[in-house]
Amino acid sequence: MANVKQKDEQELWDPAEVDTGRIKEDPDHGGVPCPHEADPSLLQIKEEPKEIQIKQELIEVFPVIVSVKSVKDEFLLHETVEEENRDGAEAESLYDTDDSRDWTPSAESPTLQSRTEQLQAHENNVSGDGCPDKPHKCSHCGKGFQTSKNLRKHVRTHTGDKSFSCTICSKSFRSKGDLTVHLRRHAGEKPFRCPDCAKAFACRKDLNKHMLTHTGEKPFRCTVCAESFSRNGHLKTHMRTHTGERPFRCTICPMSYLQSDHLKTHMRIHTGEKPFQCSVCAVSFSRNGQLKTHMMTHTGEKPFRCSVCTVSFSRNGQLKTHMMSHTGKKPFKCPVCAVSFSQNSHLKIHMRSHTGERPFTCSVCAASFSQTCHLKNHLRTHTGERPFTCTVCAASFSQNSYLKIHMRTHTGERPFRCSLCAMSFSQNGHLKSHMRTHERTHERPNSK
C-alpha cells in the first residue's frame, strides 16, 4: 500500500480553499475530492495523522503498487504519445518518465490498453464527466494539458529547445526521459520485455508499439481510403501518398522521398557506402534487401513461383517480368522503331542500337559493348576462363550459350527447322547456311 507524507497532504488541501464548509476539487487530480471531504470532522488540523492511504478503489484498479503521480503521468503521456522516427532524430519518448527504469512488465502484468481503460473508467466514476480538465493550454497550437510539466515538455516541440545532451555522441534531446532512453541504446540496455515473445526494448513506448503486433489492433485510420495502421507514424507516412508530400530531399540531386530511411538509402549512391556485406563471399551492398536477394544465390532459394508454369525466381521483380511471357504484355515501346519490350531494361539496351552507345569498355583491348554481359563474355577471351562445363563429357566453354549448343550433340535436339524442306539443325547458324542453298538454286520442293 502506497503512502503519501503529511507535506504532500498539505499540498492537496489548503485551509484557504475552504468555501462554505467544502474543499475545492484539485484540478491536478481529475476532480477527485481530498480524502477528508467524506467526513467534515477531519477538517480539524489539530489531530493530523502522520500518513494517509491512497483511495482503496484506485488500488483495486491497479494491484501494482504505484504512486498517484506516476499513474496519472502514465495516463497523460499515453494521450500525447508521438511516433519516434527510427532513422532520424529521436522523437519525444512520451511514455518514459523519470521512474521508467523501475517498471518491468511480466506475464501477469496487464497490457497498456487494459490498464489505460481501467484508469479511464475509474476517473469517469469519480468525476462523472469522462473528460479530465486540461487547464494548461499551448499558446502555439492550443493543445491542452493537465499539468504544467507536460505543457513545458510539449512547448519544446515548437521551440526546438534541446537542452539535454548525450556525453557520448553529442546528440541533444528535448527531455531528460529522451536522453535516458538514448543512453540505454549506447549501453545496450533493454529493460522492457514483451510478456508474449520475450523481445526486449530500450523504452516503454517501443514495447507498447510492439504489443500491437500481438493484438492485431490498428487504431489509426486513414480518412481518405479507410486503411488502418498500428502506429500513428505509419499513418502519417501513408497520408503523404494522398497529398504527394515528399519532405525528405537529397542535398546533392533533386530526388525527394516520403520517408527519411529512403533518403538515407539514396544517399549511399552518392557516398558509395555499402554497409551490408555477404558473410559467404564478402560482396557488399548498399541495401539490406539487396543482400537478402544475393544470399539466395548461395542457398538456391527461389520463393517466388509462377502460378502458370511453376518456374521459380529469387526476386519478385523477376516473377513479374516472367508473367508477361504468359500474358504477352509488352508495355515498353521504342519511340524510334515502335518495337515493344516486356522490360524497361530491355528497351534501354535496345535504344543503344539507335544511338550507337557502347558504354562497357574492355580494360585490356579497349573493345566496347552495348551490354555488360557481352563485356563479361569478351573478357574470357583474355583470361582463358571457361566456367561452363558439360556434365556428360567435361568439355568446358566460355559462354553458357556455347554449352547449350554443345549439349544438343548429346541429346540429339535439332530445334531449328527449314520451312522449305523440313530439314532441322542444332544451331541457328547452320539453318541460315542451309537456307542459302535454296536461294542459290531457287528450288522449292513443292514446285517439282
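The numbers here are math on the coordinates, done by the rules we state, and not lab data. No experiment lies behind these values; they were computed from the predicted model shown. We place every Cβ from the backbone using ideal geometry, glycine too, and count neighbours over all the protein chains shown.
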Q) Using modelled amide H (1.01 Å from N, peptide plane; none on Pro or chain starts), what sits under 5 Å from the amide H of S340, excluding residues fewer than 5 places away? A) C334
**Q.** Between the stretch 212-238 and the stretch 273-347, the Cα center-to-center distance that results, in Å
**A.** 31 Å
Q. Is there a pair in K218/K320; K236/K333; K137/K176 whose C-alpha atoms are over 26 Å apart, and which pairs would that be?
A. K218/K320; K236/K333
Q. With labels modelled as points extended 7 Å from the Cα through the Cβ direction, what inter-label distance (nm, one decimal) is found for H262 paired with K171?
A. 2.3 nm
Q.
Let me check I've understood the local charge: for V392, count other residues with C-beta under 14 angstrom from its C-beta, Lys and Arg +1, Asp and Glu -1. What total comes out?
A. +1
Q) Between E301 and E189, what length comes free when the chain is fully extended (0.36 nm per residue of separation minus the Cα-Cα distance, one decimal in nm)? A) 36.7 nm
Q: Consider a paramagnetic label point 7 Å from the Cα of K320 along Cα→Cβ; state which residues of the stretch 327-343 have an amide N under 19 Å from it.
A: 327-333, 341-343
Q: Report the full-extension gain for the segment T409 to C222: residue separation times 0.36 nm, less the Cα-Cα distance, to one decimal in nm.
A: 61.0 nm
Q) Put +1 on the Cβ of each Lys and Arg and -1 on the Cβ of each Asp and Glu in the stretch 246-299; which of S260, L291, P275 then has its Cα farthest toward the positive end of the dipole? A) S260
Q. Counting alpha carbon pairs within less than 8 Å and at least 6 residues apart, what relative contact order, in whole percent, applies to the stretch 246-299?
A. 21 percent
Q: Provide the gained length on full extension for the span H374 to C334, in nm with one decimal, where the gain is 0.36 nm per separating residue minus the Cα-Cα distance.
A: 12.2 nm
Q | Built amide H within the under 5 Å cut-off of M255, gap 5+ | A | C250
Q) Over 30 Å between Cα atoms, which of K149/K209; K153/K209; K162/K205 qualify? A) none
